[in-house]
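Bear in mind that the values in this text are calculations on the coordinates, not laboratory data. Quick caveat, the model's predicted, so the values are computed rather than measured. Cβ sites come from the backbone with ideal geometry, for glycine too, and all protein chains shown count toward neighbours.
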């Protein structure tokens with residue numbers, strides 16, 4: 001697998017050990033390696049773009065994939081299908097309709 005992009009001289013927090021790395025390699029749009037500047041720069045090939053980030057912090061793409069589908073039942077504007085089967089109306093729903 002060839003390395004397409006290297007970001008070096010960078011601060012990247014990880015969820016493992018070590019807790020921070022100084023460089024990453026990207027292949028096919030995904031982080032393929034992380035480590036020290038020396039370790040990652042050795043992966044450089046003729047077609048690799050290397051960017052010196054000059055000590056700045058880089059945050060890899062964050063993905064917040066959690067959700068609370070049960071709470072959408074109680075939101076009157078929700079399009080969640082279970083809303084139709086719910087007969088209980090929360091007090092704030094009734095109060096909002098009365099005002």
**Message:** Ranking request for peptides 13-22, 30-39: highest mean number of other beta-carbon atoms within 10 Å first, then the rest in descending order.
**Reply:** 30-39, 13-22
**Request:** Starting from the Cα-Cα distance between residue 19 and residue 54, subtract it from 0.36 nm times their residue separation and give me the gain in nm to one decimal.
**Result:** 10.7 nm
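For the residues 52, 4, what sequence is obtained by ranking on other C-beta atoms within 10 Å, fewest first?
52, 4
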